[in-house]
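A.B. asks: One structure is given below, represented as structure tokens, and several questions about it will come after.
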Amino acid sequence: MAKIAFIGLGNMGSGMCANLCKAGHEVRAFDLNTDAVQAAVDKGAFGAASLKDAVQGAEVVVSMLPAGKHVLAVYFGKDGVAEHANKGILLIDCSTIAVDDAREAAKQAEAAGFPMIDAPVSGGTAAADAGTLTFMAGGPDMAYARAEPILKAMGKNIFHAGGSGNGQAAKIANNMLLGISMIGTCEAFNLAEKLGLDAQTFFDISSVSSGQCWSMTSYCPAPGPVPTSPANRDYQPGFAVAMMLKDLKLAHEAAVAAGAKITLGEMAEKVYGDLDARGHAGLDFSGVMKDLKGDL
Ligand code: NAD
């Protein structure tokens, strides 16, 4: 069992930290929000008063932070992880950040004497709490081999996607596809309804035909066919518009840098950007359906 410093105890980090404790690791938890630290202590962690306090003596650091700027500041900023951690300990960042930021973090980590992997996740807070997240990791083989047992305590499907930043690349390409397929699914259900089919009839046909996709069969945006989907609770998230927009912006940024054409990705970004601008950032991303029906 490892001595782990866990940084970032928000919606996702709190459940992940609790699962590391449950697996028997010795976890020192830190967040700027002291209530979040107390909640982690209640679930088996030791509370840390600062980053320095969290990482001293740690063998592994796991972070789950909002964005790239937080990740670079926490690891390499003043009084950050690199300043206080023992050389050679493993750094695992699970936040969703830009591919370039992940590669920059790995470069700085290597220069400072730390192996690092990016290991963003798929699956929301329910999967974080249940320990069933999907991890997609990028980084050197040796670092991945050390990280794998730690990730297994928090997730069900763990992938090594290649070198540094490849975990983030897998994550944003996947989420761009999800954004596009969700909008397409909403448009198909709306069209079918306007042409006289009810949602269940269209679902029964399309879910076993060539239009079938995850957005339809696991997260149907029309109320009815999939009881667990947010459509059945007035589109409360779930996965909010703001989060999808963040991932589509990261995909756009990465596509520009890589010279990849993403016509539909850009259109999806516009659709979610428009919902966000109209005050619907907190709506589930399948709420595009509600908008198409004129109910927003
Ligand atoms: P969150 O805002 O709930 O949690 C982030 C936490 O980091 C907060 O508690 C905040 O206080 C803390 N923090 C910020 N700066 C800090 C610092 N300098 N030192 C210590 N703590 C600091 O966010 P979340 O929903 O848990 O998401 C975290 C990451 O996971 C994001 O990158 C997000 O894109 C990604 N993600 C989220 C979901 C989801 O469904 N929520 C799903 C997949 C991936």
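A.B. asks: Counting pairs of alpha carbon atoms under 8 Å apart in space and at least six apart in sequence, what relative contact order in percent does the stretch 169-292 give?
C.D. replies: Over the stretch 169-292, the number comes to 34 percent.
A.B. asks: Where in the stretch 138-178 does the label zone of T132 land, with the point 7 angstrom along Cα→C-beta and an amide N cut-off under 13 Å?
C.D. replies: 155-157
A.B. asks: Could I ask something else about it? Which Cα, out of Q212, M244, N232, lies furthest along the positive dipole direction of the stretch 169-292 (beta carbon charges, K/R +1, D/E -1)?
C.D. replies: After comparing all options, I get M244.
A.B. asks: To continue, here is another question. Report the local net charge at D274: Lys and Arg +1, Asp and Glu -1, summed over other residues whose C-beta lies under 14 Å from its C-beta.
C.D. replies: Net of charged neighbours comes to 0.
A.B. asks: Further question: With a sphere of radius 15 Å drawn around the Cβ of A254, what net charge do the other residues whose Cβ falls strictly inside it have (Lys, Arg +1; Asp, Glu -1)?
C.D. replies: For residues surrounding A254, the net value is -3.
A.B. asks: In a Gaussian network model over the chain where Cα atoms closer than 10 Å are linked, find which of A106, A260, A169 has the largest mean-square fluctuation.
C.D. replies: Evaluated over the chain, the most mobile residue of the options is A260.
A.B. asks: Next up: For the chain, what does the relative contact order come out to in percent, with C-alpha contacts under 8 Å and a separation of six or more?
C.D. replies: 13 percent
A.B. asks: Pairs K171/K246; K78/K246; K107/K156; K171/K290: which exceed 24 Å Cα-Cα?
C.D. replies: The pairs that break the limit, which is 24 Å between Cα atoms, are K78/K246; K107/K156; K171/K290.
A.B. asks: Right, here's the next one. Would any residue of the stretch 262-278 have its amide N under 18 Å from a label point 7 Å out along Cα→Cβ of K194? List them or say none.
C.D. replies: 271
A.B. asks: Still on this model: Kindly list the residues of the stretch 29-49 that lie in the label zone of H84, defined by a backbone N under 19 Å from the point 7 Å along the Cα-to-C-beta vector.
C.D. replies: Answer for this model: 29-41, 45-49.
A.B. asks: If packing is taken as the average number of other Cβ atoms within 10 Å across a peptide's residues, how do 138-146, 89-97 rank, most packed first?
C.D. replies: 89-97, 138-146
A.B. asks: Same structure again: Between 0 and 90 degrees, rounded to the nearest ten: what's the tilt of helix 13-22 against the longest Cα principal axis of the chain?
C.D. replies: It works out to around 60 degrees.
A.B. asks: Hey, which aspartates and glutamates would be in cross-link range of K293, C-alpha to C-alpha under 12 Å, not counting anything within fewer than 8 residues on its own chain?
C.D. replies: Counting by Cα, and skipping residues close in sequence, K293 has these aspartates and glutamates nearby: E187, E193.
A.B. asks: Pull up all non-local amide H partners of G162: gap of 5 or more, or a different chain, and H-to-H distance under 5 Å with H placed in the peptide plane.
C.D. replies: The list, which skips near neighbours in sequence, is G139.
A.B. asks: In percent, what relative contact order does the stretch 95-161 have, based on Cα pairs under 8 Å that are 6 or more apart in sequence?
C.D. replies: Relative contact order here is 29 percent.
A.B. asks: In nm, what is the difference between 0.36 nm times the number of residues separating A67 and V256 and their Cα-Cα distance?
C.D. replies: The A67-V256 span can extend by a further 66.1 nm.
A.B. asks: Return the percentage of antiparallel bridges among DSSP beta bridges fully within the chain, rounded to the nearest 5 %.
C.D. replies: Here the antiparallel bridges make up roughly 15 percent for the chain.
A.B. asks: What are the ³J(HN,Hα) couplings of the stretch 149-156, residue after residue, when phi is run through the Karplus curve with 6.51, -1.76, 1.60 and θ = phi - 60°? Round to Hz, x for glycine and proline.
C.D. replies: x, 5, 5, 4, 6, 10, x, 9
A.B. asks: Check which residues have an amide H placed less than 5 Å from E59's amide H, if you skip close sequence neighbours.
C.D. replies: K3, I4, A5
A.B. asks: At a Förster distance of 41 Å, what's the computed FRET efficiency of E26 paired with S209, Cβ-Cβ distance as r, to 0.05?
C.D. replies: The pair E26/S209 has a calculated efficiency of 0.20.
A.B. asks: Mind ordering 24-35, 186-197 by average Cβ neighbours within 10 Å, highest first?
C.D. replies: 24-35, 186-197
A.B. asks: Could you sort the peptides 268-281, 115-128 by per-residue average Cβ neighbour count (10 Å cutoff), highest mean leading?
C.D. replies: 115-128, 268-281
A.B. asks: Here's something else I'd like to know. Quickly estimate the mean residue ellipticity at 222 nm for the chain, helices only: each DSSP H run with n ≥ 4 gives -39500 (n - 2.57), and the total goes over all residues, rounded to 500.
C.D. replies: Per the formula, -15000 deg cm²/dmol.
None of the figures in this text is laboratory data; all of them are computed from the coordinates on show. Just so we're clear, the structure is a prediction, and the values are computed from it rather than from any experiment. Reconstructed Cβ throughout: ideal geometry from the backbone, glycine too, with neighbour counts over all protein chains shown.
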